[in-house]
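The values are calculated or read from the model by the stated rules, or taken from the named source; none is laboratory data. Computed from a prediction, not measured in an experiment: that's the story for all the values here. Please note: Cβ atoms are built from the backbone with ideal geometry, for glycine as well, and neighbour counts cover all protein chains shown.
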Amino acid sequence: MKDAMLLVYPSECYETGALAITEAYATGLPVVASNHGTMASVVRHGETGLHFRPGDADHLAEKVRWLYAHPAETMSMRREARSEFENRYSKQANYQALVIYEAAAARANRGD
């Protein structure tokens, strides 16, 4: 992924985690994904990648061609994808999300 320009994620399934998208974001790859299920919410159209209509190969190809034809916008999406990884999926971001549970458990143990 480090040498790729983008990740095409053409799944028509209702994915629950879409780990490949997270891995793409870790390397700063924008993602072209179908506009349904988890992909529609994880890939922010125009920011971390682009959406295409599920099952529409021509629409998918159009989005890929658009990214190749717009290098400045693609670079901006690369930066935003990496930022998304840092803010939502990195070890530090996950740790911060879990600290809430630690505080709640401490309160429960005290009987609060």
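Return the residues of the range 34-86 that are farther than 19 Å from A4 by Cα, part of a helix (DSSP H, G or I) and without any contact (Cβ under 8 Å) to a residue 24 or more places away in the chain; say none if nothing qualifies. The answer is A40, S41, A57, D58, H59, E86.
Of all the criteria given as (1) within 29 Å of Q96 (Cβ to Cβ); (2) modelled with pLDDT of 95 or more; (3) surrounded by 13 or more Cβ atoms within 10 Å (Cβ to Cβ), the one not satisfied by K63 is (1). Find the residue count for the range 66-86, including only residues that are exposed (fewer than 14 other Cβ atoms within 10 Å of the Cβ) and touching a helix residue (DSSP H, G or I) at 6+ places or on another chain (Cβ under 6 Å). The qualifying residues number 0. Filter the range 87-112 for residues that are out of contact with any helix residue (DSSP H, G or I) (no Cβ under 7 Å at 6 or more places or on another chain), part of a helix (DSSP H, G or I) and small (G, A, S); which is modelled with the lowest pLDDT? Per the stated criteria, the residue is A103.
The single condition among (1) among the acidic types (D, E); (2) out of contact with any strand residue (DSSP E or B) (no Cβ under 9 Å at 6 or more places or on another chain); (3) surrounded by 15 or more Cβ atoms within 10 Å (Cβ to Cβ) that E15 does not satisfy is (2).
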